[in-house]
1. What residue among 92, 52, 138 has the largest mean-square fluctuation in a Gaussian network model of the chain, using Cα springs under 10 Å?
2. At what distance in angstrom do the alpha carbon centres of region 58-94 and region 116-159 lie from each other?
3. Could you calculate the contour length gain from residue 123 to residue 70, that is, 0.36 nm times the residue separation minus the distance between their Cα atoms, to one decimal place in nm?
4. How much length would be gained if the chain were fully extended between residue 40 and residue 167, taking 0.36 nm per residue of separation minus their Cα-Cα distance, in nm to one decimal?
5. What does the helix-only formula give at 222 nm for the chain: each DSSP H stretch with n ≥ 4 adding -39500 (n - 2.57), the total divided by the residues, and the result rounded to the nearest 500 deg cm²/dmol?
6. If you average the sequence gap of Cα pairs under 8 Å that are 6 or more apart and divide by the length of region 93-182, what percent do you get for the contact order?
7. Considering only 64, 133, 178, give the residue with the highest GNM mean-square fluctuation for the chain, with springs between Cα atoms whenever their separation is below 10 Å.
8. Taking the beta-carbon count within 10 Å as an exposure proxy, list 61, 51 from fewest neighbours to most.
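Quick note: the coordinates plus some simple rules give every number you see, no bench work behind them. None of the values given here were measured: they were computed from a predicted structure. We place every Cβ from the backbone using ideal geometry, glycine too, and count neighbours over all the protein chains shown.
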């Protein structure tokens, strides 16, 4: 009797589950709702710029004339690590170090585009490197006034590098870094 009851319940369950024909569904991707691009002023004793309103700025460490900052994007699980230092007749070495950090990503990069930053009225000069492919850092840059100040930055995600999946967020953060470079001011300038 138990066997017949179990068979009857199983048959009813199968018949109830087969009411609709299966319909193939197109592949889908998670929807990314990026926040509206809004900026607010941020100032430190050495420099200032406009940072995205949805990002948190933090001073990680200060040692002598050097400072380390984190521009954190919690909604995008990303951080721009920034290093500020004074130029003490070592500008070529600082620029070479920035290029050296960029070269570390070349093994995974499919292409590296460079864009020069030239703002003579604010004495801001530098280069931004957009690293395409599954590299650890999709954007590396340095900015300087060529005499006293030097700022290096690199964007990192809190996830394994996957350029295709991260592309919309990466493009937005590259634009935010571009805005940082466009609004950067050195102290006393």
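1. Its mean-square fluctuation being the largest, the pick is 92.
2. Cα centroid to Cα centroid, the span is 11 Å.
3. 16.7 nm
4. 43.2 nm
5. -9000 deg cm²/dmol
6. It comes to 22 percent, rounded to a whole number.
7. Most flexible of the set in this elastic network: 64.
8. Starting with the residue having the fewest Cβ neighbours, the order is 61, 51.
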